[in-house]
Amino acid sequence: MLERLSFLPDLHLVGGAVRDILLGLEPEDLDFATSAPPEEVMRLARQAGLGVAPTGLEHGTVTVLIDHRPYEVTTFRRDVETYGRRAKVAWGRSIEEDLARRDFTIGAIAMDAQGRVIDPYGGQRDMEAGVIRAVGDPLERFREDYLRVIRAGRFAARYGFQIEKETLKAAREAAPKVLAHVAVERVTAEFNKAFAAPPPAQPSRFLRYLYELEILQRLIPEFEDNHLLLQNPHWHPEGDVLTHVLEVVDRAPPQYRWHALLHDIGKRDTARWKPEGWYSFPGHERVGAALIPRIARDLRLPSHLRDELVVTTGLHMVPVLSKPTPAAIRRFQAQAGPHLEVLKALFEADGAGRRPKEAWAFFEPQPVPVQPILMGRHLIARGHRPGKGFGPILKAAYEHQLETGETDVERLYQAALARLSRG
């Protein structure tokens, strides 16, 4: 792609793409830097017959379209002043000057059009050593942008690296200020990136790091002291609630890791000490489901995910605690609705291969439908006029359907009337 943009002066591939290429990974995005100011980039791109959009002129960034794919091109920059997530910048004169404002050495690497690597801060050396190290003074880097404290943990988990001692020390010092200076949307985006990272990434390492820095429990207070909540060793040989939750997150498919993180969020508030030396958590699934709307609001999670989390958190214990009778299975699947497959994935990740065989019956296809059979049109056909009276009849018929497996419309109708007549 460098050759397609060769009309730009001093063009370099920068950032995560270079890091991933040097690690032998497929880069997700290709970002470029050039000495040309943004207006000149736009002029040259149009002259080359390419589409271009001014997506971030105040930051020196324009987006160039090549074969209908967008590529960001940013003018070399240098910091004039930095304060939190904001910085006053000026156009830079060299790629080395531009790299000086990057956060970690493994991302402060560039590659020119000839494939030569520019690595003024030893990023390749740190990659070989498996180290996340801040560029320059780590505390200064974090004060420039407190989100970098979180990003350090995400990179460590993504690549299986360790955070260098001084960088980790600075992260601990800066941690109390992170949530006061960084918009929660940006924090949640880091969680999403950590959860989506392909193997061998371990999102549990990212979460453990945030817990040790006391960021996770500030973000979600119900995680406070979860490492102290010992569980029944028969079902949880891994020990405490925090360790269990992090292991479930690692086992869960990437798209369901929010469900794994929050499935036991009600355990702290329901913990009851047992003389055997561990806690029980009666009703934690119901308490957890009630907490989800507030947590989702605090984290700015999308509404569809919030609604799904309420269902999966509230129902994840049903196959463990209930006997798999046909009626129980129908009721469970009716409550799960479109989220049954998510529940199955969570159930598998949560169980770690220790679920009783019969519990899996809750996820098997049913010969009797779990959607309501008696509908409003059936009541109209039997002389009922639409109105408030429809609801109780339809609800009673549905309850009878789930309990008995009845599928005949007339028998469901008669059963509903009989239920209502009994009060």
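The values are calculated or read from the model by the stated rules, or taken from the named source; none is laboratory data. These figures come from a predicted structure and were not determined experimentally. With ideal geometry, Cβ positions are generated from the backbone for all residues, glycine too; neighbour counts draw on all protein chains shown.
Summary of values
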read-out	value
Of residues in the range 344-373 being aliphatic (A, V, I, L, M) and modelled with pLDDT under 90, the one nearest to Phe332 (Cα to Cα)	Val370
Verdict on Leu246 being outside the structural domain of Arg172 (by TED's automatic domain parsing), touching a strand residue (DSSP E or B) at 6+ places or on another chain (Cβ under 7 Å) and hydrophobic (A, V, I, L, M, F, W, C)	no
The range 286-300, subset aliphatic (A, V, I, L, M) and more than 16 Å from the chain's Cα centre (by Cα), residue surrounded by the fewest Cβ atoms within 10 Å (Cβ to Cβ)	Ala290
Condition met for Lys193 (without any contact (Cβ under 8 Å) to a residue 24 or more places away in the chain and within 13 Å of Ala152 (Cα to Cα))	no
Segments classed as helices (runs of 4 or more DSSP H), wholly inside the range 89-167, with at least 1 members that are of a type in the set (Val, Ile, Thr) and over 21 Å from Val14 (Cβ atoms)	147-159
Selected residue (criterion: farthest from the chain's Cα centre (by Cα)) from residues of the range 231-282 that are in a loop (DSSP other than H, G, I, E, B) and aliphatic (A, V, I, L, M)	Ala271
Residue pairs meeting the criteria (Cβ under 7 Å; at least 6 apart or on separate chains; first assigned by TED's automatic domain parsing to the domain that holds Asp112, in the range 23-51; second assigned to a loop (DSSP other than H, G, I, E, B) and of a type in the set (Gly, Ala, Ser))	Asp31/Gly15; Pro38/Gly60; Leu44/Ala36
Residue, surrounded by the fewest Cβ atoms within 10 Å (Cβ to Cβ), within the range 408-423, restricted to residues that are over 17 Å from Gly383 (Cα atoms) and not hydrophobic (A, V, I, L, M, F, W, C)	Gly423
